[in-house]
């Protein structure tokens, strides 16, 4: 025989009352729990256009066939129009055969005016708030390439200053890019013309590539990027300057929307001293081929990393 | 098949139910954890809407306290294996029951790890891009894809091992070795791999000299095997504490009837054996001749509720089988009594002392009118010559839930050695960085001494160094054989290592940036709330796991009492049955 609890003399009465009280307590607890859950989830009401079904289900860039790509480009055009009120022209420009882009920058000429930075921001629809810039100009004392001696935030009215030289740094388009290797979802890769690109619709925003880059060339959209409507550059490309979403990575892509259409990058065009040279290294007649052949001193930044940049710095004398 | 599924669902249902039952302390604890979890969830929803701008992170310091916690917790998860190795390789039986607690901690830690990685993602909605087959996984090139595989694999392995062992215990089955032992050994290797892979995540980055050092992997393992078992030592004592009632309260052994009247005591017959065989099918396979030869000296007693069947500390040679009724086994240690298990029909108690001749380690009291078969050790040995009987009795002997001080001291040995290695490896790193004096010392300089006037981490790292060194000294001295000082050492090493390999490893890697800029980092309020939320959620999970596992291990939540769920559930916090007035006092 099983032992009865001590209060078993009036089993019915006691258990009845206990039952009602317990049920009441239980439902109160469950109700307040659900209310608290709903309250804590309430900020999600402002989520807005975080993503759409189309965007959420979109396939990986390399798996999209031309028809699907056309649809995606249409969707992007629609999204841009809705957001900025202008109809953009979004293309998916492919690399050209027999082309490998190389950048050369003449450190003797560069005066540190940061015009390239501003041109880049305008051309590539970079966020004005929070500020994102692909190019960082370092002010270095003569005689040293030690970046720890660099001033990133110089605000002198007049450049260049005596005793200093200036070194703009942007994505070095490495032949052996550490950022590509570490990406867990292949959202960034190197194209045949040497440009390392990002599929902004595939990036999961883990920022591993940002940690891996030895040139601090990558930028993350910590917030929803803001570009004034009247400043939007409507000439866009999928892997290039189309507006980005919150929470994805971006970086310099040698102005893919221009260079793959036979134009120079924006930073080169704006340079007032002609310090920037850009071209096809596979073409022996190109300017960059000439520079790399004829100039005696050129530098690949952090050469010891084995990243083999396609961005060369050189001095004239 | 359908029946098996139904049984399994029933098991899950009962486990789920019991998670919602407890005393006021349990409810209060769970309510606090739920509240903090919801605060964290609220903070995360804000982050989802506004982006990672609400954290303290920037393009300069692009990983922060999320990844720091992630790194620390991978270590905790990996360290669960340090409980498994002594048991399965060195046969340290003292830790046998504790393995499940360790593995459940690993499961909770991995859940926290996955949560910390998820909240760090800029686009958590695109998590499916990581799923092999569905998405596009950069395997084997990306160390992060390795981490995704090994972490989820480790989660599955541990869930399988714990789940299977607990389900067998619930069903009263003897676990099939082939179904879990291979996984135990895979899990051991796997545990090393999860932490090595996590270390490689950092080590593989050539552009970050602070991380790009071969010693980071070994340092990770050493610190994990310090902090993990230290955490387990504390967790086990908490479990032990809440499953115990203070000595002198209603259910202590002194309240039992010390001199039972043993109302009926007679010689055992073959009929009693048959009765036992109904609850213990293995006995049926023992030939009648052997059963007969084990009868001389065996007696059957019928006792009342509250009667003491055997007393902790005494020495005699008998083992007991319960024929009907229920017996509760209690153990007094350090002024507290805890119920180690309850024994129902067909189960045995007292056999360890009988077989080894050692003093009784616990007191057994009848919980209801009970009939027991009392058998001298020789008779038990006779029965155990039968392989099936041998297996079932031995497996039950090792499945018991006993958190002994000896078990804790074995863990202390692990913490001790690991902490020595950890401090030694840290010294190696510091020497290499500062003595060679090349430009790569900048990050270490920032961490330990400050760089160009920026010194946000300096007080933290020296706190960590002080804690680790104090813990090391305490652990080496015999003073930490006392639980109080061992606990102090454990807390110091957990906090010290959390700082050292969390913030102390992740943040300096970003300072200065590869272009030489110095931007400091400190977590924002929202970010901190998310971290607290995840920790609370992890603790919530671990509490629920224990709430389910402890009654199963104690034999209070079994298939046998499926129709009387009150027995398993009506109890206070984790195990202690509500004290009943002993009948002896009434009589």
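The values are calculated or read from the model by the stated rules, or taken from the named source; none is laboratory data. Bear in mind that the values here come from a model prediction, so they are computed numbers and not experimental data. Methodologically, a virtual Cβ is constructed for each residue, glycine included, from the backbone with ideal geometry; neighbour enumeration extends over all protein chains shown.
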Among the residues listed as B:49, B:99, the single one being within 14 Å of chain A (Cβ to nearest Cβ) and part of a helix (DSSP H, G or I): B:49
Options B:480, B:493: the member that is at pLDDT below 95, surrounded by 22 or more Cβ atoms within 10 Å (Cβ to Cβ) and in a helix (DSSP H, G or I): B:480
Output for region A:131-148, where each listed residue is surrounded by fewer than 16 Cβ atoms within 10 Å (Cβ to Cβ) and more than 7 Å from chain B (Cβ to nearest Cβ): A:131, A:141, A:142, A:143, A:144, A:145
Wholly within region A:65-169, strands (runs of 3 or more DSSP E) carrying at least 2 residues that are without any contact (Cβ under 8 Å) to a residue 60 or more places away in the chain: A:136-141, A:164-169
Subset tally (residues that are buried (at least 20 other Cβ atoms within 10 Å of the Cβ) and more than 30 Å from residue A:308 (Cβ to Cβ)) for region B:194-222: 6
Residue B:507 being at pLDDT 95 or above, touching a strand residue (DSSP E or B) at 6+ places or on another chain (Cβ under 6 Å), within 14 Å of chain A (Cβ to nearest Cβ) and on the phi < 0 side of the Ramachandran plot: no
Residue B:20, sole failed condition from (1) outside any helix (DSSP H, G or I); (2) buried (at least 16 other Cβ atoms within 10 Å of the Cβ): (2)
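Restricting attention to region B:133-153, does a residue exist that is more than 14 Å from every other protein chain (Cβ to nearest Cβ) and on the phi < 0 side of the Ramachandran plot?
Just the residues of region B:133-153 that are more than 14 Å from every other protein chain (Cβ to nearest Cβ), to begin with: B:153.
Then keep just the ones that are on the phi < 0 side of the Ramachandran plot; that gives B:153.
There is at least one residue in region B:133-153 that is more than 14 Å from every other protein chain (Cβ to nearest Cβ) and on the phi < 0 side of the Ramachandran plot.
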Number of the exception - residue A:128 against (1) surrounded by fewer than 17 Cβ atoms within 10 Å (Cβ to Cβ); (2) out of contact with any helix residue (DSSP H, G or I) (no Cβ under 8 Å at 6 or more places or on another chain); (3) under 24 Å from residue A:205 (Cβ atoms): (2)
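Going by the conditions given, is residue B:116 touching a helix residue (DSSP H, G or I) at 6+ places or on another chain (Cβ under 9 Å) and within 10 Å of another protein chain (Cβ to nearest Cβ)? Walk me through it before giving the result.
Working: touching a helix residue (DSSP H, G or I) at 6+ places or on another chain (Cβ under 9 Å): yes; within 10 Å of another protein chain (Cβ to nearest Cβ): no.
Criteria not met by residue B:116.
When you look at residue B:76, is it within 14 Å of chain A (Cβ to nearest Cβ) and either more than 16 Å from the chain's Cα centre (by Cα) or surrounded by 19 or more Cβ atoms within 10 Å (Cβ to Cβ) (or both), yes or no? Talk me through it step by step, then tell me what you get.
Details: within 14 Å of chain A (Cβ to nearest Cβ): no; either more than 16 Å from the chain's Cα centre (by Cα) or surrounded by 19 or more Cβ atoms within 10 Å (Cβ to Cβ) (or both): yes.
When the stated conditions are applied, residue B:76 does not pass them.
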Hits in region B:119-132 (condition: assigned to a helix (DSSP H, G or I), buried (at least 19 other Cβ atoms within 10 Å of the Cβ) and at the interface with chain A (Cβ under 8 Å from one of its Cβ atoms)): B:120, B:126, B:129, B:130
Positions within region A:218-246 being within 9 Å of chain B (Cβ to nearest Cβ) and outside any loop (DSSP other than H, G, I, E, B), in sequence order: A:219, A:220
Selection status of residue B:516, under 15 Å from residue B:426 (Cα atoms) and either within 14 Å of chain A (Cβ to nearest Cβ) or assigned to a helix (DSSP H, G or I) (or both): no
Checklist (1) at pLDDT below 95; (2) assigned to a loop (DSSP other than H, G, I, E, B); (3) surrounded by fewer than 16 Cβ atoms within 10 Å (Cβ to Cβ) applied to residue A:301, failing item: (3)
Members of region A:171-186 found to be crowded, with 24+ Cβ neighbours inside 10 Å, touching a helix residue (DSSP H, G or I) at 6+ places or on another chain (Cβ under 8 Å) and touching a residue at least 24 places away in the same chain (Cβ under 8 Å), listed by number: A:179, A:182, A:183, A:184
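On the basis of being within 10 Å of another protein chain (Cβ to nearest Cβ) and surrounded by 22 or more Cβ atoms within 10 Å (Cβ to Cβ), does residue A:215 make the cut?
Working: within 10 Å of another protein chain (Cβ to nearest Cβ): yes; surrounded by 22 or more Cβ atoms within 10 Å (Cβ to Cβ): yes.
In short, yes.
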Selection within region B:201-215 - part of a helix (DSSP H, G or I) and either away from chain A (no Cβ under 11 Å) or without any contact (Cβ under 8 Å) to a residue 24 or more places away in the chain (or both): B:203
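Just to be sure I understand, how many residues within region A:180-212 are more than 7 Å from chain B (Cβ to nearest Cβ) and more than 12 Å from the chain's Cα centre (by Cα)?
Pass one, region A:180-212, residues more than 7 Å from chain B (Cβ to nearest Cβ): A:180, A:187-201, A:209.
Filter once more, so that each one left must be more than 12 Å from the chain's Cα centre (by Cα): A:180, A:189-195.
So the count comes out to 8.
Mind telling me which of the residues B:13, B:63 ends up being at pLDDT below 95 and either within 12 Å of chain A (Cβ to nearest Cβ) or over 30 Å from residue B:516 (Cβ atoms) (or both)? Let's see the steps before the verdict.
Details: B:63 fails: at pLDDT below 95.
From the options B:13, B:63, the qualifying one is B:13.
I'd like the full set of residues that are buried (at least 19 other Cβ atoms within 10 Å of the Cβ) and farther than 25 Å from residue B:208 by Cα, limited to region A:149-166. Talk me through it step by step, then tell me what you get.
At the first step, the residues of region A:149-166 found to be buried (at least 19 other Cβ atoms within 10 Å of the Cβ) are A:150, A:165-166.
If the condition is that a residue be buried (at least 19 other Cβ atoms within 10 Å of the Cβ) and farther than 25 Å from residue B:208 by Cα, then A:165 is the only one that fits.
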Condition broken by residue B:6, with the remaining ones in (1) free of Cβ contacts under 8 Å to residues at least 60 places away in the same chain; (2) within 21 Å of the chain's Cα centre (by Cα); (3) farther than 18 Å from residue A:37 by Cα satisfied: (2)
